[in-house]
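A quick write-up on the structure given underneath.
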Amino acid sequence: MLPLFFLSLFILLFLSVPVAVALGLATTIGIMMHDTIPLMTVAQRIFISINSFPLMAIPFFILAGNLMQVGGLSKRLVTFASSLVGHMTGGLAMVAILTSMFFAAISGSGAATTAAIGAILIPAMVAQGYSREFASANQAVSGALGVIIPPSISLILFGVSANVSVSDMFIAGFMPGLLITFSLLVMAYFVSKKRGYIGIEKSTTKEVLISFKQAILALLMPVIILGGIYGGIFTPTEAAVVAVAYSLLVGVVIYREITMKKLVSTLIDSAVTTAIVMIIIGTAGLFSFFVSITGVPGIIMDSISGIITNAIIFILILNLILLIAGMFLEGAAAILIFTPLLLPVAVNLGIDPIHFGIIMVVNLAIGLVTPPVGINLFVAAQISNLTFNKLSKAVIPFLFVLVIDILIISYIPALSTWLPELLK
């Protein structure tokens, strides 16, 4: 039964059947072959999987990110970041990275971050003399910060699927996110220095203060949201609702850039994105139920325990598995598939669940910029009118830096666990 179940899943994925459909069909086949599980379990488990209060944060954070994107946020963040580092060697590349970090603390989405910031900065970098390939690759990789820096949809999904505090996952993402941001800034500087990418005119102190004043409302959003969560004022789900209210207030009343037409379009786009994510969550929950009830995690644990008794080796293998999975699977689906399979093994080897979750999320974030599925590459290629193949080659040097970051995060657990433990 189990071999046929996994074979059907792999065949469906190989045939490029949507992940949600592949998970649902393969699991339904497995349940039909099982002697004691009634077929009605399929509908029941899908409903149970999405009937979760913490998961309500996802549609609200998606909507909040989209509202801030159309509400004039991105251009104000770009102006502020440009006033800080735009004059340095590789200044505009650094602006793209810093702005993506700021926007990541609002959007929670890699593709949204790439689209919102890339639409402004990729053309600006090309006009400044940067190669189209470097400008696009730099933005695509920077956009991956959207799923690492909290509030992140990926961190919410892991917290729910692993029964780990979403608040702890949020705060655990800060230091790894800052590490990756710093490493990208260093790379942008040295590449720009080698290629002669000079900065723009240095901003005066007055110009920096003016740009900061214009961007302050955007910069305050993550402070309000995350400060409220960690201060015990509201839960992550309630914080998502506050984020929507704040986004509407800023975009409609203060910035006055969200018209009724934009609002309706944003609501529709957010509903479609939410539906896609929830379908994946529902069928992945069905998959998790089936593999749990058939003892697959135990089989995997016994198999691995007989070969791997060292957490260091397990983490190395874990990274390889997740990097490969990220090349072919959407991040949300990969989290929901691999968490029930690999987390028990990790815990058995003494690995903190929060540390495990950060390793998983960071690896799958790299999947956003690795072919053949890397969504950030598709978004950046569309903005810059580059072919997907050219951009895939241009992103390779960035991948080496990201792999080094993964190894640092993997083998220095304190980067992920220190802040959550400190704030308890």
* To do: Give the cross-link partners of Lys261 among the aspartates and glutamates, using a straight C-alpha distance below 16 Å as the criterion and excluding same-chain residues fewer than 8 apart.
  => Asp269
* To do: At most 16 other Cβ atoms within 10 Å plus a DSSP loop assignment makes a site exposed; report the longest stretch of the chain without any exposed GluC sites (Glu not before Pro).
  => 1-200
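Over its Cα atoms, what ratio of radius of gyration to 2.2 N^0.38 Å does the chain give? Don't skip to the end; give the middle numbers.
On the way: Rg = 21.5 Å, N = 424, 2.2 N^0.38 = 21.9 Å.
Dividing the Cα radius of gyration by 2.2 N^0.38 Å gives 0.98.
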* Asked: How big is segment 231-274 in terms of Cα radius of gyration and Dmax, in angstroms?
  -> 12.4, 36
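Ordering Leu415, Leu364 by how much accessible area each has at a 1.4 Å probe, largest first, what is the list? Don't skip to the answer; put the middle values down first.
Values: Leu415 35, Leu364 15 Å².
These residues rank, largest area first, as Leu415, Leu364.
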* Simple spin-label model, 7 Å along Cα-to-Cβ: Ile200 to Val223 in nm? -> 2.4
* Work out, step by step, the length gained on full extension between Glu421 and Lys393: first 0.36 nm times the residue separation, then minus their alpha carbon distance; give nm to one decimal. => 6.0 nm
* Asked: Using alpha-carbon pairs under 8 Å, 6+ residues apart, how would you state the relative contact order of the chain in percent?
  -> 25
* Using every Cα-Cα pair within segment 263-420, state what percent have a distance larger than 25 Å. => 41
* Take the alpha-carbon centre of segment 60-139, take the same for segment 250-271, and report the distance between them in whole Å. => 20
* Return the whole-Å distance between the Cα centroid of segment 158-172 and the Cα centroid of segment 357-394. => 25
* To do: Distance check, please: which entries in Lys206/Lys390; Lys75/Lys193; Lys206/Lys393; Lys193/Lys262; Lys75/Lys390; Lys202/Lys393 exceed 30 angstrom between their Cα atoms?
  => Lys206/Lys390; Lys206/Lys393; Lys193/Lys262; Lys202/Lys393
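What percentage of the solvent-accessible surface of segment 111-162, computed with a 1.4 Å probe over protein heavy atoms, is contributed by carbon and sulfur atoms? Numbers along the way, then the final one.
Details: 590 of 1020 Å².
On segment 111-162, the fraction of accessible area on carbon and sulfur atoms equals 58 percent.
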* Asked: Using a 1.4 Å probe, how large is the accessible area of Thr114, given in Å² and rounded to the nearest 10?
  -> 0
* Asked: What's the extension gain from Ala119 to Ser303 if we count 0.36 nm per residue and subtract their Cα-Cα distance?
  -> 61.4 nm
* Asked: Using only the Cα atoms of segment 61-177, what do you get for the radius of gyration and for Dmax, in Å?
  -> 14.6, 49
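Dipole of the chain, Cα-centred, from +1 at each Lys and Arg C-beta and -1 at each Asp and Glu C-beta, to the nearest 20 debye? Display every interim value, and only then the final one.
Working: 16 positive and 13 negative charges, 257 e Å.
That gives a dipole near 1240 debye.
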* Structure fact -> Ranking Val126, Ile62, Met101 by how far each Cα lies towards the positive end of the charge dipole of the chain (+1 on Lys and Arg Cβ, -1 on Asp and Glu Cβ), the top one is Val126
* Helix 375-384 versus the longest principal axis of the chain: what is the Cα-based angle in degrees, 0 to 90, to the nearest 10? -> 30
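Calculated FRET efficiency, Asn310 and Ile11, Cβ-Cβ r, R0 35 Å, to nearest 0.05? Present the calculation step by step, with values, prior to reporting the outcome.
Working: r = 34 Å, r/R0 = 0.98.
After rounding to 0.05, the efficiency reads 0.55.
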* **With all protein chains modelled, accessible area of Arg45 [1.4 Å, Å²]** => 70
* Could you work out the helix-only [θ] at 222 nm for the chain, with each DSSP H run of four or more residues adding -39,500 (n - 2.57) and the total divided by the number of residues, to the nearest 500 deg cm²/dmol? -> -25500 deg cm²/dmol
* With every protein chain in place, what's the accessible area of Arg195 (1.4 Å probe, Å², nearest 10)? -> 130
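Under the rule a/c < 1.5 gives rounded, and otherwise a/b versus b/c splits prolate from oblate, where does segment 219-303 land using the Cα gyration tensor?
Values: a/c = 4.59, a/b = 1.91, b/c = 2.40.
Since a/c reaches 1.5 but b/c is at least a/b, the shape of segment 219-303 is classed as oblate.
The values are calculated or read from the model by the stated rules, or taken from the named source; none is laboratory data. Since the model is a prediction, treat every value here as computed from it, not as a measurement. Every residue, glycine among them, receives a Cβ derived from its backbone with ideal geometry; neighbour counts consider all protein chains shown. SASA here: full protein model, heavy atoms, side chains in, ligands and nucleic acids out. Shrake-Rupley method; radii C 1.70, N 1.55, O 1.52, S 1.80 Å.
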